[in-house]
There are 2 protein chains.
Amino acid sequence: MLKTISIIDAKNHVDEEVKIGVWLTNKRSSGKIAFLQLRDGTAFFQGVVVKNNVSEEVFTLAKEVKQEESLYVTGTIHEDQRSPFGYEIELSGIEKVGESENYPISPKKHGVDFLMDHRHLWLRSKRQFAVMKIRNEVIRATYEFFNKEGFIKIDAPILTGSAPEGTTELFHTKYFDKDAYLSQSGQLYEEAGAMAYGKVFSFGPTFRAEKSKTRRHLIEFWMIEPEMAFMHQEESLEVQEKYIAFLVQSVIDNCTYELGILERDINVLKRYTELPFPRISYDEAVEMLQKSGEFPDVEWGEDFGSPEETYLAEHFSKPVFVINYPKAIKPFYMKPHPTREDVVICADLLAPEGYGEIIGGSERATDPEFLEAQIEKAGLNKDDYQWYLDLRRYGSVPHSGFGLGLERAITWITGEEHIREAIPFPRLLNRIYP
Amino acid sequence: MLKTISIIDAKNHVDEEVKIGVWLTNKRSSGKIAFLQLRDGTAFFQGVVVKNNVSEEVFTLAKEVKQEESLYVTGTIHEDQRSPFGYEIELSGIEKVGESENYPISPKKHGVDFLMDHRHLWLRSKRQFAVMKIRNEVIRATYEFFNKEGFIKIDAPILTGSAPEGTTELFHTKYFDKDAYLSQSGQLYEEAGAMAYGKVFSFGPTFRAEKSKTRRHLIEFWMIEPEMAFMHQEESLEVQEKYIAFLVQSVIDNCTYELGILERDINVLKRYTELPFPRISYDEAVEMLQKSGEFPDVEWGEDFGSPEETYLAEHFSKPVFVINYPKAIKPFYMKPHPTREDVVICADLLAPEGYGEIIGGSERATDPEFLEAQIEKAGLNKDDYQWYLDLRRYGSVPHSGFGLGLERAITWITGEEHIREAIPFPRLLNRIYP
Ligand SMILES: [Mg+2]
Ligand SMILES: [Mg+2]
């Protein structure tokens, strides 16, 4: 019996006869030869059918096979210098497995809505394949990094009775006879985790019922939220830049084929692995924006929008930390600055090339009375936060943490235009199918 | 400046002076010596304060320090043959970081409700530490296994408009002007993933609004759902047992300290790494139950409850696959048996020691007409499943998959009584705090 292999393993079977389960992505043929473009989910390559070398039945099948029909093919692997993949298969046999009449996604251009309606099929296309493989590598590298650094994963609950940043933009559900909300962040729970296990992280879906339709927002997205006990903000920034550099390096090392498909410039990515990343203060950032002449209305005290973030990041060839934002525009739990009333100890990491904020983080306030007052000021329900205040009542320690938006990071690393490309089944304003 | 270390790294610093950020878990003292039980989230060990060797201030602090106060301690690491951890620290300095007045969880016994209300603090206790470290190892090993085996992670959406097993026991939310449900399973999406990428898996939270209060059920739990194209059920069973053995072996290899805390017998766990696992048919299982005399009412065609699963698994020293259940009690997407009308090609994996089903899986039906009829029969909304039927219309292939309940597996591996111990912040019937 022939050995069944995956396309990605072709390099280990040169001049061997093998069997592969595949789908047809495209084909062309003449009277004497047919070229079948094949995929199996691990890679794409070409199958060559030479009329004189196969039975009439096989050659007829090769000429008639339709886009996205599934097949078992047998044949011999050869090197193929002309293709970026480097190998092809000369077919001796084709066995049809599943039909495909009028596959809806043809090689011609389709509109985005049409493609999104067919996301379950669109994922089979080459660019989508490349992005999803890189997503997988970013996920894999995240676990490698945090395990290596001594973090343990503490899963925050999705269903909660309280909300870290107020109750707007929250999805609501009935939890038996109670009310519950879908988590926007696992951070508060990670803080409990850090007091128990030192260095912890969560990595799970979060939800924001935001009525905005930008290329940077998803309704449902994945976040990585590390939290570290006995750690001040400066050390946290070092963890953050080390983590980002590790992600980018892992993609460079393990996704050459996929970056090639996306035509992503590896030299640009390499810059993002050079540490440290620059740090500028919020004050300096405001000054830069004001001096630019492009943002006449920017005033100290306001949060930055996408254009401002893009402008700031363009001035650096690497991601840049903007540190110590105004207290008034940041969440209640951030640590007050020791000598300034108006700012908190925090940082956003802005990605270059127009991708904006990919990380937000801060040192956390440690004083229970201060936090209780903050919770009241923010109009939050005190009862919901008793457990959170306990973390300060019983053995409070300096601690810091941050959150990385997975899909934002992937969009940036892959160089895609729109964040909807970075997740298998995007949830967008009014899109919940498929 | 002294080197700051973690307790777990004590072995690399014997006879060195170091600094550690810690919490006090317990203490005892006489006039001349104080023994402080310390934890830092990586391990637990003892700090010894000898009155004659330290300043009066330090000794007084050592005698007065309270449970769960946070401290920076300095001192010299020594081997300590008497403790299971193997090392202790002789303290020269103690600096108080955070107070802890009347820590609610004392070493005396508390009721489960009280402890669950204080889950954010209870996680700091030794047993909970051990279980969470093993949970982390099971998660880590899962990623290692599936990456090694060539799977890529395809995240299924949590918010969906359709439901794989009917709309009972679903959490509902408004998705802008539409209705949405929290996912009970990512499987159907993984099938789309498998057609695009060959071997895929999801690993995320799933939700079941079940009004049952058993030691095996959580409302919110994490599932690992692999799906494999061009794969029949028998090969899938081999992946499943290999995966389970890998998880157990990883815990044995990397969690000796934690298994020790739980007093879990490693020899029992070792049996679970010996492959293959036995396979019995559903028919045989029914016969075993009937012959036992303990289940006089069991009839062919019924699903098994916990007592039946426990009885069956007790007859094997390893997890056992029960294969080919009646069609009528299984979901619509399972592949019909080739020669029998009444059963489908599926298997549940039952864990020994009374832990019941930890995996459910099947080969999937490939024929679009058959599936369409099944969807209708199950009373599901056909429109919601058009994308799923597309997977069969365009290049259908034999494929199989399975789902592992993370917390069930952890409960079993750790030998805990109740599944609420296996997740940091359990969501149970009427428990959504903290
Ligand atoms: Mg921002
Ligand atoms: Mg069952």
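Couple of notes before you dig in:
- FRET E, pair A:Thr168, A:Asn26, Förster distance 60 Å, beta-carbon r, rounded to 0.05: 0.80
- Entries in A:Lys213/A:Lys270; B:Lys213/B:Lys327; A:Lys3/A:Lys126; B:Lys133/B:Lys242 that, when Cα-Cα distance is taken, lie over 24 Å: A:Lys213/A:Lys270; B:Lys213/B:Lys327; A:Lys3/A:Lys126
- For B:Ser100, nonlocal amide neighbours, meaning residues 5 or more places apart or on other chains whose placed amide H falls under 5 Å from its own, are A:Gly395.
- Top of A:Phe321, A:Phe332, A:Phe176 by mean-square fluctuation, Gaussian network on chain A, Cα under 10 Å: A:Phe176
- Normalised by the number of residues in chain B, the mean separation of alpha-carbon contacts (under 8 Å, six or more apart) gives a relative contact order of 13 percent.
- Label separation (A:Trp300 vs A:Gln249): 3.9 nm, computed from points 7 Å beyond Cα along the C-beta direction.
- Per-q log10 I(q)/I(0), segment B:119-422, q = 0.09, 0.11, 0.12, 0.16 Å⁻¹ (Debye; single scatterer per alpha-carbon; no solvent): -0.45, -0.69, -0.83, -1.46
- On full extension, the segment bounded by A:Ser125 and A:Thr214 gains 29.6 nm, given 0.36 nm per residue less the C-alpha separation.
- Whole-number percent relative contact order across segment B:3-98, with pairs defined as alpha carbons under 8 Å at least 6 apart: 30
- Within chain B, the whole DSSP H helices whose Cα atoms reach 27 Å or more along their own axis and whose mean Kyte-Doolittle score is at least -1.0 are B:126-148, B:233-254.
- Spin-label proximity, B:Phe370 to segment A:87-101 - amide N less than 18 Å from point 7 Å beyond Cα toward beta carbon: A:96-100
- Between B:Asp177, B:Asp390, B:Asp155, the residue with the greatest mean-square fluctuation in the GNM of chain B (Cα pairs under 10 Å linked by springs) is B:Asp177.
- Alpha carbon centroid spacing (whole Å) that separates segment A:74-140 from segment B:122-172: 29
- Kirkwood Rh (inverse of mean 1/r, distinct Cα pairs), segment B:3-98, angstrom: 12.9
- Binned Cα-Cα distances of segment B:296-341, short to long, each 10 Å bin given as a whole percent: 21, 47, 30, 2
- Kirkwood Rh (inverse of mean 1/r, distinct Cα pairs), the protein assembly as shown, angstrom: 29.2
- Relative contact order of segment A:321-362, defined on C-alpha pairs under 8 angstrom at six or more residues apart (%): 37
- Using a Förster distance of 51 Å, the FRET efficiency for B:His315-A:Lys96 (Cβ separation, nearest 0.05): 0.70
- Most positive-pole-ward Cα, B:Ser30, B:Met116, B:Ile94, against dipole of segment B:1-147 from beta carbon charges: B:Met116
- 17 Å reach of a label modelled at A:Tyr257, 7 Å along Cα-to-Cβ, counting backbone N of segment A:138-153: A:138
- For B:Lys51, the aspartates and glutamates whose Cα falls under 16 Å of its own Cα, not counting residues fewer than eight places away in the same chain, are B:Glu64, B:Glu90.
- Close amide H pairs (under 5 Å, H built 1.01 Å from N) link B:Glu69 with B:Leu24, residues at least 5 positions away or on another chain.
Every number here is computed from the coordinates shown, using simple stated rules; none is lab data. Everything numeric in this text was worked out from a predicted model, so none of it was measured. So basically every Cβ, Gly included, is an ideal-geometry build from the backbone, and we count neighbours across all protein chains shown.
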